[in-house]
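Below is one structure, written out as structure tokens; comments come after it.
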Amino acid sequence: MFDEVLGMATLCTENFRDGVRDSFGASIVADVLDPILKEIDSLRIFNAAFQQQSLSIDQTLADARTLQFKDSRWTQ
């Protein structure tokens, strides 16, 4: 999801940057658009780490359930 958002925001920023002809436009790029791109990238990285941790937690819980069933001699 964040990859798509970052791609779209980058494309829009580059299109805007290509049309900049004065210092006001350049300041919008530097002070608004570039920080937004950095924030989206940070969210993308955070989301990827979150997804990895979530997967790891799910696997650990599945392993714990397997051990619990083995110890109690239950079957799934």
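No value in this document is a laboratory result; all are computed from the given coordinates. Remember, predicted model here, so these are calculated numbers, not experimental data. Note: ideal-geometry Cβ built from the backbone for every residue, glycine included; neighbour counts use all protein chains shown.
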- [ ] Report the longest stretch of the chain that contains none of the trypsin sites (Lys or Arg not before Pro) sitting in a DSSP loop with at most 15 other Cβ atoms within 10 Å.
- [x] 22-72
Open item on the list: How would LEU37, LEU61 line up from fewest to most surrounding beta-carbon atoms within 10 angstrom?
Closed with: LEU61, LEU37
Task: Helix 2-19 axis, angle to the chain major axis (alpha carbon atoms, nearest 10°) - done: 10 degrees
Task: Isotropic mean projected area of the C-alpha convex hull, the chain (nm²) - done: 6.0 nm²
